[in-house]
Amino acid sequence: MAARRGAVALNAAPGRASALLYRWRLGAERVGFAVVRLDDDGMGNAQLHRIAMARTGLGHGSTFLRQICHMVFALHHVGRFWLDLLPSNVHAKDVYRRIGFIQEGTMRFG
């Protein structure tokens, strides 16, 4: 099966960041999607705002995220690609670490 992916630009209001919606299919099957925000802070940052897969445990999420990282850095001249996640999401934290993300800090709530 061939993987197909597509990016759709989502333009925000003037002066705000743009977003990209990445969709991934294997044949006719919808496998997942991701939303990436291209920050307009002038510092070359982008955020993985959301990633969702139809099924987990098949390695599709890791493959999809690697492709997204490649496209974000290659096509959008981003210097830093960041995300946040819930501390309880141990599986996602492990996936992000294997792909090459590093923990730079911890957000505190309250």
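The values are calculated or read from the model by the stated rules, or taken from the named source; none is laboratory data. The shown structure was predicted, so the numbers you read here are calculated from the model rather than taken from an experiment. Here the Cβ positions follow ideal geometry from the backbone for every residue, glycine too, while neighbour counts run over all protein chains shown. Areas reflect the complete protein model, heavy atoms only, side chains present, ligands, DNA and RNA absent. Shrake-Rupley method; radii C 1.70, N 1.55, O 1.52, S 1.80 Å.
Data overview
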| quantity | calculated |
| --- | --- |
| Residues located in region 49-93, provided they are hydrophobic (A, V, I, L, M, F, W, C) and touching a residue at least 60 places away in the same chain (Cβ under 8 Å) | M71 |
| Close pairs (6 angstrom Cβ cut-off, 6 or more residues apart or separate chains): touching a residue at least 40 places away in the same chain (Cβ under 8 Å) in region 32-47, open to solvent by 40 Å² or more (accessible area, probe 1.4 Å) and among the small types (G, A, S) anywhere | L38/S18 |
| Residue ID - most open to solvent (accessible area, probe 1.4 Å), chosen from residues in region 70-101 that are hydrophobic (A, V, I, L, M, F, W, C) and part of a loop (DSSP other than H, G, I, E, B) | L86 |
| Any chance A19 is open to solvent by less than 80 Å² (accessible area, probe 1.4 Å), assigned to a strand (DSSP E or B) and modelled with pLDDT under 85 | yes |
| Top-ranked residue of region 36-55 - restricted to ones that are in a loop (DSSP other than H, G, I, E, B) and open to solvent by less than 50 Å² (accessible area, probe 1.4 Å), ranked as modelled with the lowest pLDDT | D39 |
